[in-house]
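First comes the structure, then the notes that go with it.
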Amino acid sequence: MTTVDAPVDQLDAAAEQGRVCALAARGQRGLQRRAAAHPELFPERPFDAALFGSVALAMAFSAPRCTVEELDLTGRAVLWGFAVDWQVDHLATSRAEIDRITETCLAVADGAAPGDPLGRFLAELRDDLAATPAFSELRGLWREEIARTLRAMAREWEWKTAMAGGSGAPPTLADYLANAENLAATVVNVAHWIHTGSAGTHRELSRLVAVSDEVQRALRLVNDLGTYQRDREWGDLNALMLVADRAEVERRTAAQVDHCRRLLAELAVDRPREADYLTRQLGFTSGFYRLTDFWGVR
């Protein structure tokens, strides 16, 4: 490389980074408009502007070749996960309320008219997904991912409630990781792949879900290592609360990330675009949680 080439390469790299940031900026404005239409779901605390910006940036970085319109749906799927998490973890006071949330969301996924703000938000997402020709065939898989996410969130609520009341032991780290669907990453990825994927992507969705679940477990651990203090303050469960030594979670995280690297390398052989998406998602999150968190002030 000559001394002339280096600045040119840096210029090109910076231009590409600027394009991705612009994709995120447009995405943030779109997500904020969507949230403003559903104020009951997205109160300013903790849904501040930085949360919408961070979600949009995560999506733009994970799928930089997608259009603003494509990433709008993916970002809204992320916001649905945040909205459900907020309602289950911090607003619900009984299992009956959580069961109602679950019933509402599954009914909407099945095509029912929405009956509350959360249902209306999901129905908008469902109707836009339905514009994808393959949705009729893939709807059952999307619904199952919604169900898995809701079951996992309810399970974590039960653990927290039992622990807080002194009536139950905490889950093991293995049980906690087996419940990583509460992070709502795979359910977002499925919506993204249905909306943006090719026929080949759609044929491979079951395989993609399996790899996404492993990435989701890595993301769960990365998240927990970065948010321990907030989780303690908010009363959330965290992997670091389940073991005596932080190093154990760090070792488990490193092992899970290495496992994902191998899976993603294998996936890249015949599904390079999907492997790149998951790889960038894991990489972005690993860097992001070193400095900050998605949530705003409670």
- Query: Which one is farthest from the chain's Cα centre (by Cα) among residues in the stretch 262-297 that are closer than 21 Å to residue 227 by Cα and among the polar types (S, T, N, Q)?
  - Reply: 292
- Query: For the stretch 5-25, which residues satisfy the criterion of being closer than 18 Å to residue 284 by Cβ and β-branched (Val, Ile, Thr)?
  - Reply: 20
- Among the helices (runs of 4 or more DSSP H) lying completely within the stretch 79-188, list those that include at least 1 residues that are under 22 Å from residue 211 (Cβ atoms). 117-129, 135-164, 173-178
- Query: Can you spot a residue in the stretch 39-48 that is surrounded by 12 or more Cβ atoms within 10 Å (Cβ to Cβ) and among the basic types (Lys, Arg)?
  - Reply: no
- Message: Quick check on my filter: what residues within the stretch 211-245 are part of a helix (DSSP H, G or I), more than 17 Å from the chain's Cα centre (by Cα) and not aromatic (Phe, Trp, Tyr)?
- Response: 229, 230, 231, 232, 233, 239, 240, 241
- For residue 170, work out the one condition from (1) under 22 Å from residue 87 (Cβ atoms); (2) in contact with a Phe, Trp or Tyr (Cβ under 8 Å, 6 or more places away or on another chain); (3) at pLDDT below 95 it doesn't fulfil. (1)
- Taking the condition in contact with a Leu (Cβ under 9 Å, 6 or more places away or on another chain), polar (S, T, N, Q) and under 17 Å from residue 156 (Cβ atoms), does residue 216 pass? yes
- Item | Residue that is nearest to the chain's Cα centre (by Cα), among those in the stretch 9-30 that are under 17 Å from residue 288 (Cβ atoms) and touching a residue at least 40 places away in the same chain (Cβ under 8 Å) | 27
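The values are calculated or read from the model by the stated rules, or taken from the named source; none is laboratory data. Small disclaimer: the values here were computed from a predicted structure and weren't measured. For neighbour counting, all protein chains shown are included, and Cβ atoms are generated from backbone atoms with ideal geometry for every residue, glycine included.
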